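To start, the structure under review is shown below, and the notes come after it.
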Amino acid sequence: MSADLTGKGTPEQVWQAWPTLHSWPLLRFTRPPATVVAVAPHPDDEVLGVGGLLALLAQAGSRIHIIAVTDGEASHPKSPTLTPKALAARRVAESTRAREALGLRGASVERLGLPDGDVHRVEAQNALVTAAVLQTLARTAHLGPAWCLAPFPRDGHPDHDSVGQAAVAGARGTARVLTYPVWMWHWAAPGDPRVPWPCARRVVLPAAVRAAKQAAVEAFQTQISPLSGDPADATILPPHILTRLTRSAEIVFATDET
(Lines give C-alpha, C1' and ligand atoms only; values in the text may rest on other atoms or scores of the structure.)
Protein backbone atom coordinates (compact mmCIF):
# COMPACT_ATOMS: atom_id res chain seq x y z
CA MET A 1 0.00 0.00 0.00
CA SER A 2 1.08 3.57 -0.55
CA ALA A 3 1.16 5.83 2.50
CA ASP A 4 2.12 9.41 3.18
CA LEU A 5 5.42 9.21 5.07
CA THR A 6 6.10 12.94 5.03
CA GLY A 7 5.55 15.37 7.88
CA LYS A 8 5.61 14.39 11.53
CA GLY A 9 2.87 11.77 11.38
CA THR A 10 0.74 10.71 14.34
CA PRO A 11 2.37 12.09 17.52
CA GLU A 12 3.51 9.60 20.13
CA GLN A 13 1.32 11.39 22.69
CA VAL A 14 -1.72 10.37 20.65
CA TRP A 15 -0.64 6.74 20.63
CA GLN A 16 0.12 6.74 24.35
CA ALA A 17 -3.31 8.21 25.11
CA TRP A 18 -5.00 5.29 23.30
CA PRO A 19 -5.87 2.75 26.03
CA THR A 20 -5.82 -0.15 23.58
CA LEU A 21 -2.09 0.35 22.99
CA HIS A 22 -1.43 -0.81 26.53
CA SER A 23 -3.95 -3.66 26.67
CA TRP A 24 -3.07 -6.01 23.84
CA PRO A 25 -2.23 -9.56 24.94
CA LEU A 26 1.39 -10.36 25.62
CA LEU A 27 3.29 -12.39 23.06
CA ARG A 28 3.51 -15.78 24.75
CA PHE A 29 5.38 -18.98 23.95
CA THR A 30 5.98 -22.03 26.09
CA ARG A 31 9.60 -22.30 24.97
CA PRO A 32 11.81 -20.16 22.75
CA PRO A 33 11.94 -21.16 19.08
CA ALA A 34 15.10 -22.95 18.03
CA THR A 35 15.52 -20.63 15.06
CA VAL A 36 14.48 -17.04 14.43
CA VAL A 37 14.73 -15.60 10.93
CA ALA A 38 14.50 -11.80 10.99
CA VAL A 39 14.04 -10.11 7.62
CA ALA A 40 15.19 -6.48 7.29
CA PRO A 41 14.45 -4.37 4.19
CA HIS A 42 17.13 -1.85 5.28
CA PRO A 43 20.01 -2.15 7.75
CA ASP A 44 18.11 -0.71 10.73
CA ASP A 45 14.57 -2.02 10.32
CA GLU A 46 14.80 -5.18 12.41
CA VAL A 47 16.37 -3.17 15.24
CA LEU A 48 13.72 -0.45 15.13
CA GLY A 49 10.84 -2.91 14.88
CA VAL A 50 11.85 -5.91 17.00
CA GLY A 51 15.33 -5.26 18.36
CA GLY A 52 14.16 -5.88 21.90
CA LEU A 53 12.38 -9.10 20.97
CA LEU A 54 15.48 -10.35 19.14
CA ALA A 55 17.60 -9.62 22.21
CA LEU A 56 15.16 -11.51 24.45
CA LEU A 57 15.05 -14.49 22.10
CA ALA A 58 18.84 -14.62 21.86
CA GLN A 59 19.07 -14.54 25.65
CA ALA A 60 16.61 -17.44 25.76
CA GLY A 61 18.80 -19.53 23.46
CA SER A 62 17.26 -19.02 20.01
CA ARG A 63 19.61 -18.99 17.02
CA ILE A 64 19.17 -15.67 15.23
CA HIS A 65 19.48 -15.44 11.45
CA ILE A 66 19.14 -12.03 9.81
CA ILE A 67 18.34 -11.62 6.13
CA ALA A 68 19.48 -8.13 5.13
CA VAL A 69 17.68 -7.38 1.89
CA THR A 70 19.37 -4.07 0.96
CA ASP A 71 22.38 -2.17 2.27
CA GLY A 72 20.47 1.11 2.55
CA GLU A 73 22.45 3.04 -0.05
CA ALA A 74 19.49 5.17 -1.13
CA SER A 75 18.61 6.85 2.15
CA HIS A 76 20.30 10.08 0.98
CA PRO A 77 20.10 9.88 -2.84
CA LYS A 78 21.42 13.40 -3.49
CA SER A 79 24.01 13.52 -0.73
CA PRO A 80 27.06 15.67 -1.56
CA THR A 81 28.92 13.99 1.30
CA LEU A 82 28.69 10.24 0.71
CA THR A 83 28.40 8.22 -2.47
CA PRO A 84 25.81 5.42 -2.41
CA LYS A 85 28.64 2.89 -2.07
CA ALA A 86 30.19 4.74 0.86
CA LEU A 87 26.80 5.18 2.52
CA ALA A 88 26.08 1.46 2.15
CA ALA A 89 29.40 0.61 3.79
CA ARG A 90 28.62 2.95 6.68
CA ARG A 91 25.17 1.49 7.16
CA VAL A 92 26.41 -2.10 7.13
CA ALA A 93 29.01 -1.19 9.78
CA GLU A 94 26.34 0.55 11.85
CA SER A 95 24.18 -2.55 11.65
CA THR A 96 27.03 -4.66 13.00
CA ARG A 97 27.50 -2.31 15.96
CA ALA A 98 23.76 -2.32 16.62
CA ARG A 99 23.68 -6.12 16.78
CA GLU A 100 26.57 -6.06 19.22
CA ALA A 101 24.69 -3.60 21.44
CA LEU A 102 21.73 -5.99 21.47
CA GLY A 103 23.87 -9.00 22.35
CA LEU A 104 23.45 -10.56 18.90
CA ARG A 105 27.12 -11.12 18.11
CA GLY A 106 26.39 -14.76 17.34
CA ALA A 107 23.68 -13.98 14.80
CA SER A 108 24.29 -15.07 11.24
CA VAL A 109 23.70 -12.44 8.56
CA GLU A 110 22.86 -13.06 4.92
CA ARG A 111 23.15 -9.93 2.77
CA LEU A 112 21.10 -10.10 -0.43
CA GLY A 113 22.44 -6.79 -1.78
CA LEU A 114 19.21 -5.86 -3.58
CA PRO A 115 18.81 -2.22 -4.69
CA ASP A 116 17.51 0.03 -1.94
CA GLY A 117 14.22 1.63 -2.91
CA ASP A 118 13.65 -0.65 -5.90
CA VAL A 119 12.93 -4.05 -4.34
CA HIS A 120 9.21 -3.64 -4.95
CA ARG A 121 9.67 -2.87 -8.66
CA VAL A 122 11.03 -6.24 -9.79
CA GLU A 123 9.17 -9.48 -9.15
CA ALA A 124 12.41 -11.48 -9.42
CA GLN A 125 13.88 -9.53 -6.48
CA ASN A 126 10.90 -10.38 -4.32
CA ALA A 127 11.36 -14.00 -5.33
CA LEU A 128 14.94 -13.84 -4.03
CA VAL A 129 13.64 -12.76 -0.62
CA THR A 130 11.13 -15.62 -0.56
CA ALA A 131 13.85 -18.08 -1.57
CA ALA A 132 16.26 -16.80 1.10
CA VAL A 133 13.65 -17.33 3.82
CA LEU A 134 12.75 -20.78 2.50
CA GLN A 135 16.38 -21.86 2.30
CA THR A 136 17.26 -20.61 5.77
CA LEU A 137 14.29 -22.38 7.31
CA ALA A 138 15.10 -25.57 5.39
CA ARG A 139 18.71 -25.52 6.63
CA THR A 140 17.64 -25.16 10.23
CA ALA A 141 14.52 -27.36 10.22
CA HIS A 142 16.32 -30.15 12.08
CA LEU A 143 16.88 -27.86 15.07
CA GLY A 144 13.20 -27.51 15.95
CA PRO A 145 10.41 -24.91 15.71
CA ALA A 146 11.16 -21.63 13.94
CA TRP A 147 9.83 -18.10 13.86
CA CYS A 148 10.01 -15.59 11.03
CA LEU A 149 9.98 -11.90 11.97
CA ALA A 150 9.02 -10.03 8.81
CA PRO A 151 8.08 -6.43 8.01
CA PHE A 152 4.38 -5.69 8.26
CA PRO A 153 3.21 -6.11 4.63
CA ARG A 154 1.10 -2.95 4.85
CA ASP A 155 3.73 -0.81 6.56
CA GLY A 156 3.41 1.93 3.93
CA HIS A 157 7.00 1.97 2.65
CA PRO A 158 7.21 0.18 -0.74
CA ASP A 159 10.29 -1.86 0.18
CA HIS A 160 8.81 -2.84 3.54
CA ASP A 161 5.55 -3.92 1.97
CA SER A 162 7.08 -6.03 -0.80
CA VAL A 163 9.74 -7.57 1.46
CA GLY A 164 7.10 -8.36 4.06
CA GLN A 165 4.88 -10.09 1.52
CA ALA A 166 7.81 -12.05 0.11
CA ALA A 167 9.07 -13.12 3.54
CA VAL A 168 5.62 -14.21 4.70
CA ALA A 169 5.26 -16.28 1.54
CA GLY A 170 8.59 -17.98 2.23
CA ALA A 171 7.79 -18.79 5.85
CA ARG A 172 4.13 -19.77 5.53
CA GLY A 173 3.55 -23.34 6.68
CA THR A 174 7.12 -23.74 7.96
CA ALA A 175 7.56 -21.15 10.70
CA ARG A 176 5.42 -19.06 12.98
CA VAL A 177 5.13 -15.67 11.29
CA LEU A 178 5.16 -12.43 13.26
CA THR A 179 5.16 -9.15 11.36
CA TYR A 180 6.54 -5.91 12.76
CA PRO A 181 5.48 -2.36 11.88
CA VAL A 182 7.87 0.57 11.54
CA TRP A 183 6.28 3.26 9.36
CA MET A 184 2.72 2.23 10.26
CA TRP A 185 3.06 4.25 13.46
CA HIS A 186 3.63 7.32 11.30
CA TRP A 187 0.67 7.21 8.91
CA ALA A 188 -1.92 5.28 10.92
CA ALA A 189 -4.01 6.54 13.83
CA PRO A 190 -5.53 4.69 16.79
CA GLY A 191 -8.24 2.35 15.55
CA ASP A 192 -7.30 2.73 11.87
CA PRO A 193 -9.33 0.03 10.05
CA ARG A 194 -6.42 -0.75 7.70
CA VAL A 195 -4.44 -2.24 10.58
CA PRO A 196 -5.14 -5.75 12.00
CA TRP A 197 -5.29 -4.60 15.61
CA PRO A 198 -6.88 -7.86 16.90
CA CYS A 199 -3.66 -9.65 15.88
CA ALA A 200 -1.44 -7.25 17.86
CA ARG A 201 0.72 -8.74 20.60
CA ARG A 202 2.92 -6.84 23.08
CA VAL A 203 6.52 -7.60 23.94
CA VAL A 204 7.36 -5.80 27.17
CA LEU A 205 11.04 -4.87 27.31
CA PRO A 206 12.88 -5.10 30.63
CA ALA A 207 14.85 -1.99 31.48
CA ALA A 208 18.18 -3.53 30.48
CA VAL A 209 16.83 -4.68 27.11
CA ARG A 210 15.26 -1.30 26.43
CA ALA A 211 18.60 0.36 27.20
CA ALA A 212 20.35 -2.07 24.85
CA LYS A 213 17.88 -1.24 22.10
CA GLN A 214 18.45 2.47 22.65
CA ALA A 215 22.20 1.92 22.33
CA ALA A 216 21.60 -0.07 19.15
CA VAL A 217 19.50 2.73 17.66
CA GLU A 218 22.24 5.23 18.47
CA ALA A 219 24.62 3.16 16.34
CA PHE A 220 22.74 4.31 13.22
CA GLN A 221 24.36 7.73 13.05
CA THR A 222 23.79 8.08 9.30
CA GLN A 223 20.06 7.89 9.98
CA ILE A 224 19.57 9.70 13.30
CA SER A 225 21.95 12.61 12.59
CA PRO A 226 22.53 14.76 9.50
CA LEU A 227 25.42 13.76 7.26
CA SER A 228 26.24 17.46 6.84
CA GLY A 229 24.53 20.84 6.87
CA ASP A 230 23.30 20.37 3.30
CA PRO A 231 19.51 19.80 3.05
CA ALA A 232 20.15 16.63 1.03
CA ASP A 233 21.97 15.21 4.07
CA ALA A 234 19.10 15.77 6.50
CA THR A 235 18.27 13.36 9.32
CA ILE A 236 16.10 10.43 8.21
CA LEU A 237 14.94 9.38 11.69
CA PRO A 238 14.45 12.50 13.82
CA PRO A 239 13.28 12.29 17.46
CA HIS A 240 9.56 12.45 16.65
CA ILE A 241 9.94 9.20 14.67
CA LEU A 242 12.32 7.46 17.06
CA THR A 243 10.10 8.05 20.07
CA ARG A 244 7.45 5.81 18.48
CA LEU A 245 10.01 3.04 17.97
CA THR A 246 11.81 3.04 21.32
CA ARG A 247 8.90 2.45 23.66
CA SER A 248 8.95 0.15 26.68
CA ALA A 249 7.05 -2.42 24.62
CA GLU A 250 7.24 -3.57 21.01
CA ILE A 251 4.22 -4.61 18.98
CA VAL A 252 4.06 -7.46 16.51
CA PHE A 253 1.15 -8.88 14.55
CA ALA A 254 0.56 -12.60 15.08
CA THR A 255 -1.33 -13.41 11.92
CA ASP A 256 -1.58 -17.12 12.81
CA GLU A 257 -3.88 -16.39 15.71
CA THR A 258 -6.61 -13.94 16.71
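In the range 11-32, the residues that are modelled with pLDDT of 95 or more never reach a residue that is in a helix (DSSP H, G or I) and open to solvent by 80 Å² or more (accessible area, probe 1.4 Å) with C-beta atoms less than 7 angstrom apart, at least six apart or across chains. If you go through the range 137-158 and keep only what is of a type outside the set (A, V, I, L, M, F, W, C), surrounded by fewer than 24 Cβ atoms within 10 Å (Cβ to Cβ), touching a strand residue (DSSP E or B) at 6+ places or on another chain (Cβ under 8 Å) and under 21 Å from L114 (Cβ atoms), you end up with just P153.
Inside the range 71-95, residues that are without any contact (Cβ under 8 Å) to a residue 12 or more places away in the chain and either closer than 25 Å to T35 by Cα or within 18 Å of the chain's Cα centre (by Cα) (or both) make up a count of 1.
Any idea which residue in the range 220-233 is most open to solvent (accessible area, probe 1.4 Å), counting only those that are touching a residue at least 40 places away in the same chain (Cβ under 8 Å) and more than 15 Å from the chain's Cα centre (by Cα)? Filtering first and then ranking leaves Q221. Only one of the listed residues (P43, P77, P32) is under 26 Å from V119 (Cβ atoms), open to solvent by 40 Å² or more (accessible area, probe 1.4 Å) and part of a loop (DSSP other than H, G, I, E, B). That residue is P77. Scanning the range 80-119 for residues that are of a type in the set (S, T, N, Q), closer than 16 Å to Q223 by Cβ and in a loop (DSSP other than H, G, I, E, B) turns up just one, T81.
Inspect all residues belonging to the range 49-63 and state whether any of them is crowded, with 23+ Cβ neighbours inside 10 Å, closer than 17 Å to M184 by Cα and hydrophobic (A, V, I, L, M, F, W, C). Within the range 49-63 (the criterion being crowded, with 23+ Cβ neighbours inside 10 Å, closer than 17 Å to M184 by Cα and hydrophobic (A, V, I, L, M, F, W, C)), the answer is yes, since at least one residue qualifies. Residues that are open to solvent by 90 Å² or more (accessible area, probe 1.4 Å) and part of a loop (DSSP other than H, G, I, E, B) within the range 1-25 comprise S2, D4, T6, K8, listed in sequence order. A count restricted to the range 80-131 and to residues that are touching a Ser or Thr at 6+ places or on another chain (Cβ under 7 Å), among the charged types (D, E, K, R) and more than 30 Å from G61 (Cβ to Cβ) stands at 2. For the range 182-219, a tally of residues being open to solvent by less than 30 Å² (accessible area, probe 1.4 Å), assigned to a loop (DSSP other than H, G, I, E, B) and touching a Gly at 6+ places or on another chain (Cβ under 7 Å) returns 2. Residues that are open to solvent by 10 Å² or more (accessible area, probe 1.4 Å) and either at positive phi or of a type in the set (A, V, I, L, M, F, W, C) (or both) within the range 64-74 comprise I64, A74, listed in sequence order.
The values are calculated or read from the model by the stated rules, or taken from the named source; none is laboratory data. Please read these numbers as outputs of a predicted model, since none were measured by experiment. In this analysis, Cβ positions are derived from the backbone assuming ideal geometry, glycine residues included, and neighbour counts consider all displayed protein chains. All accessible areas refer to the heavy atoms of the entire protein, side chains included, with ligands and DNA or RNA removed. Shrake-Rupley method; radii C 1.70, N 1.55, O 1.52, S 1.80 Å.
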